[in-house]
Amino acid sequence: MRTTRVLPLSDAAIREAAAVLRAGGLVAFPTETVYGLGARADRSEAARGIFAAKGRPPGNPLIVHVPDVEAARALAASFPDVAVALAAAFWPGPLTLVVERRAGAVADEVTAGGPTVGVRVPAHPAAIALLRAAGVPVAAPSANRSTTISPTTAEHVRKTLGGAIDVILDAGPTGFGIESTIVDVSRSPVRLLRHGAIPLAAIARSGDVVDATLAAVAVTDRAAAPGMHAKHYAPRARALLVPPGEVRAKVAALAAGGARAGAIERAPATAPGLVVELAPDPEAYARDLYAALHRLDDAGCDVIVIAEVPDEAPWAAVRDRLRRATSA
Ligand code: TXA
Ligand code: MG
């Protein structure tokens, strides 16, 4: 057990959190996507602490967070032109670039022993301030127990990792609410490994991108995205996806069978009882999705009925998270 201190954002809190990081401790901090669970990326023992606290399998590599593109380049054996273009377009911001790793720059645990490393420059001012104050590269997965819902508030973090980590830096809810987009630029053509806060269409403006998240690509390429398990982002409750027109009847049938059923719908909601209404547009929907899942879990739902969202490009990241959240 560790004593977990929740520190509201302030200059003193940043200094304290940075000192804990430098000393090899575990610090949850806000990014513009979700809260991350940080530890020094250049120390094996510190990085192992992340895997232990999350219950994360050691084969799933971590994203390394740095305050600027120069610090990112210092971790890479090569930083190709397409990486330069994507970094210029989207950093600081919710894009992770997978690059060839520079020998000795980060601990082997961080890359799960692989030849590449995922790096990103986050846009949240508290994250940047923390990274600058720490002065070391910081490995940070989402600050949740492995396979469960990602945290978009400090309270979400405390709920599952309280007692397992040293500090939670609390700067309120995160902005995007969904994780960074991951692009592998270590080989050609460039590959999208995870849909995320930046849409694929925006990435494709910097050059050709193969969507490696498509089933047809993924089966031939399983090693490319080692952490992309089908079940992920999952609430404790059983979650079901149904067409929007069937939510009301599904909830009623479950309730009649004695289940405590909740629902998540795009406005206007139709289900009775425990229903969370999310915005009709993909950005606002993404921002509030994880909080909705947390809320219905906390309300003791056995089942969460989720209305399907449009099968359109701007919804790709949300559709991906919903598919994984509802995967048995
Ligand atoms: O928005 C985000 O990216 C958040 C915040 C905290 O930065 N972080 C995050 O980390 O979502 P995590 O660990 O929950 O998801 C990182 C994903 C994993 O699926 C992992 O397999 C993949 O990134 N990944 C990390 N390094 C990789 C590498 N070298 N090659 C391929 N995939 C990698
Ligand atoms: Mg995660």
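For this structure, a couple of remarks:
- Multiplying the residue separation of A284 and A77 by 0.36 nm and subtracting their alpha-carbon distance yields 70.8 nm.
- Portion, in percent, of the accessible area of the chain that falls on carbon or sulfur, probe 1.4 Å: 54 percent
- Oblate is the label for the range 110-176. Its Cα gyration tensor axes, ordered a ≥ b ≥ c, give a/c of at least 1.5 and b/c at or above a/b.
- Computed about its Cα centre, the charge dipole of the range 62-145 is approximately 160 debye, with only Lys, Arg, Asp and Glu carrying charge at their Cβ.
- Whole-angstrom gap from the range 84-100 to the range 1-35, using each part's C-alpha centre: 24 Å
- Relative to the Cα centre, the charge distribution of the range 261-328, modelled as +1 at Lys and Arg Cβ and -1 at Asp and Glu Cβ, gives a dipole magnitude of about 140 debye.
- Most to least accessible of E109, E16 (protein chains only, probe 1.4 Å): E16, E109
- For K159, the aspartates and glutamates whose Cα comes closer than 12 Å to its Cα, not counting residues fewer than 8 places off in the same chain, are D297, D298.
- The chain - convex hull of the alpha-carbon atoms, volume per residue in Å³: 124 Å³
- Cβ-based charge dipole, the range 1-149, positive-most Cα from P122, G104, A47: A47
- For the range 99-110, 3J(HN,Hα) computed residue by residue from phi via the Karplus equation (6.51, -1.76, 1.60; θ = phi - 60°) reads 10, 4, 7, 7, 4, x, 6, 10, 5, 4, 4, 5 Hz, glycine and proline entered as x.
- Using a Gaussian network model of the chain in which every pair of alpha carbons under 10 angstrom is joined by a spring, one finds that among L97, L200, L254 the greatest mean-square fluctuation is at L254.
- Whole-number accessible area per residue in Å² for the chain, which is evaluated in the context of all protein chains at 1.4 Å: 41 Å²
- The label point for S327 and the one for D311, both projected 7 Å from the Cα toward the Cβ, are 1.9 nm apart.
- Size of charge dipole - the chain - debye, nearest 20, with Cβ of Lys, Arg +1 and Asp, Glu -1, no other charges: 820 debye
- Taking 0.36 nm per residue of separation and subtracting the Cα-Cα distance, full extension of the segment from A249 to N60 would add 64.1 nm.
- Near the amide H of V275, within less than 5 Å, lie the amide hydrogens of A263, all on another chain or at least 5 residues away, with H placed in the peptide plane.
- Estimated purely from DSSP H runs of n ≥ 4, each contributing -39500 (n - 2.57), the mean residue ellipticity at 222 nm for the chain is -9000 deg cm²/dmol once divided by its residues.
The values are calculated or read from the model by the stated rules, or taken from the named source; none is laboratory data. Note that the coordinates shown come from a computational prediction; the quantities given were computed from them, not determined experimentally. Virtual Cβ from ideal backbone geometry, glycine too; neighbours counted across all protein chains shown. Note: areas computed on protein heavy atoms with side chains; ligands, DNA, RNA excluded. Shrake-Rupley method; radii C 1.70, N 1.55, O 1.52, S 1.80 Å.
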